[in-house]
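A short worksheet on the structure shown next.
The values are calculated or read from the model by the stated rules, or taken from the named source; none is laboratory data. Everything numeric in this text was worked out from a predicted model, so none of it was measured. Please note: Cβ atoms are built from the backbone with ideal geometry, for glycine as well, and neighbour counts cover all protein chains shown.
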């Protein structure tokens, strides 16, 4: 197959968070298929670009859209047929480059990774005759609705309410216009079908490099609890603040000398303020390699309470042999068993209690870690996930039924 990926964020080999799944899909699909990629990116390093270019037939990078003025955003909110949330990544340059790519080469299927860029597949006349697959890492309508429920009428909640305008209809009309929708979890599939029952959805799970992410002997150091994320993505920022203000004071009281290690790109001002007030909270910022931080940690927490999709960070922690304490939402999609390969908690009190249990009980920590590592090796290697994706794509491309005429884009 000739496969073209369109991606919201450039997925190079060193990236953390959701885009790493895209990098590995490109990498493993390129073994048997011709793969190209177009993505938004701001001047990646030569090493980052080469880590993807060696797997691609054609690699094109487009500068992210310029920031819209307040006046332009207000006018668009009132008059644009495209919802405000999708206007954040609306780019004429992306449309133009995508059109050039499909005009220059015969692609069988184009995959949008993240719904933000699925809009470039929706009613796009340049893509006539090409199968269109929309990979939904999280449903934006459902994510904004969860944010509003959790945050209420705070600044973040009001922002979610603002972005809900027109979002449900546009997003689900877009999915219905595709040849196939992909979700990362069965739960995500059922959430979409509850809103639009006729969608054709396949579940293609996340994965982890079980050879690279593996257990090592822990060096001596303070008792360490870790979280990993890209913090411009608000569910990650919220998770850190939620844990640091609610659960962490209780953990510190029970475990003197412990530290909360917060790893990842773009820590926000409220996160930095928490760390400035509390020396037991250590914020690293962006790192080149997350594995040493997993290896220095005794417990990984995933106190996520907003958003959707699959948390690859949980798989990476499990593969590294770091026992995980997670909310039910944070562990969504992982067939983990409470008390065998994960501990679950949803309130600050329970998150603290489960964290302390693991820090105090070596036998429990080893049991949870070993069970989680076994699950990762058996079910979540990248190769297995890409084999599922490959089978789905072959089925889509093999279906030569007409997909309908594409209409003009807004």
Within the range 31-53, the count of residues that are touching a strand residue (DSSP E or B) at 6+ places or on another chain (Cβ under 9 Å) and either within 26 Å of residue 130 (Cα to Cα) or in a helix (DSSP H, G or I) (or both) comes to 12
Just one listed residue, out of 317, 363, 370, is surrounded by 19 or more Cβ atoms within 10 Å (Cβ to Cβ) and assigned to a helix (DSSP H, G or I), and it is 317
Restricting the range 180-208 to residues that are touching a helix residue (DSSP H, G or I) at 6+ places or on another chain (Cβ under 6 Å) and assigned to a loop (DSSP other than H, G, I, E, B), the one surrounded by the fewest Cβ atoms within 10 Å (Cβ to Cβ) turns out to be 196
Residue set 157, 152, 129; condition touching a helix residue (DSSP H, G or I) at 6+ places or on another chain (Cβ under 7 Å), assigned by TED's automatic domain parsing to the domain that holds residue 202, surrounded by fewer than 23 Cβ atoms within 10 Å (Cβ to Cβ) and without any contact (Cβ under 8 Å) to a residue 12 or more places away in the chain; output residue 157
Going through the range 334-345 in order, the residues found to be at pLDDT below 90 and either crowded, with 22+ Cβ neighbours inside 10 Å or in contact with a helix residue (DSSP H, G or I) (Cβ under 6 Å, 6 or more places away or on another chain) (or both) are 334
Cβ pairs under 6 Å, 6+ apart or interchain, first in the range 169-193 and without any contact (Cβ under 8 Å) to a residue 60 or more places away in the chain, second in a loop (DSSP other than H, G, I, E, B) and crowded, with 20+ Cβ neighbours inside 10 Å, ordered by first then second residue, are 174/122
Filter the range 160-178 for residues that are outside any helix (DSSP H, G or I) and surrounded by fewer than 21 Cβ atoms within 10 Å (Cβ to Cβ); the one that is modelled with the highest pLDDT is 177
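Per-residue answers, yes or no, for (1) outside the structural domain of residue 284 (by TED's automatic domain parsing); (2) modelled with pLDDT of 95 or more; (3) over 30 Å from residue 159 (Cα atoms):
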| position | (1), (2), (3) |
| --- | --- |
| 22 | yes, no, no |
| 42 | yes, no, no |
| 46 | yes, no, yes |
| 57 | yes, yes, yes |
| 65 | yes, no, no |
| 75 | yes, no, no |
Picked from the range 76-92 (must be in contact (Cβ under 8 Å) with a residue 12 or more places away in the chain and in contact with a helix residue (DSSP H, G or I) (Cβ under 6 Å, 6 or more places away or on another chain)), the residue nearest to residue 39 (Cα to Cα) is 89
Checking 287, 322, 334, 304 in turn, the sole residue that is assigned to a loop (DSSP other than H, G, I, E, B), in the same structural domain as residue 248 (by TED's automatic domain parsing) and more than 19 Å from the chain's Cα centre (by Cα) turns out to be 322
Given the conditions (1) within 18 Å of the chain's Cα centre (by Cα); (2) surrounded by 19 or more Cβ atoms within 10 Å (Cβ to Cβ); (3) modelled with pLDDT under 95, every one holds for residue 52 apart from (1)
Reported set for the range 261-284 where residues are farther than 24 Å from residue 332 by Cβ and assigned to a helix (DSSP H, G or I) is 269, 270, 272, 273, 274, 275, 276, 277
Of the conditions (1) at pLDDT 90 or above; (2) under 23 Å from residue 138 (Cα atoms), the single one that residue 307 does not satisfy is (1)
request  = Restrict the check to the range 239-246 and report whether at least one residue is exposed (fewer than 14 other Cβ atoms within 10 Å of the Cβ), over 16 Å from the mean Cα position of the chain (by Cα), more than 30 Å from residue 130 (Cα to Cα) and modelled with pLDDT of 90 or more.
outcome  = yes
Of the candidates 195, 201, 281, the one satisfying the condition of being in contact with a strand residue (DSSP E or B) (Cβ under 9 Å, 6 or more places away or on another chain), in the same structural domain as residue 167 (by TED's automatic domain parsing) and modelled with pLDDT of 95 or more is 201
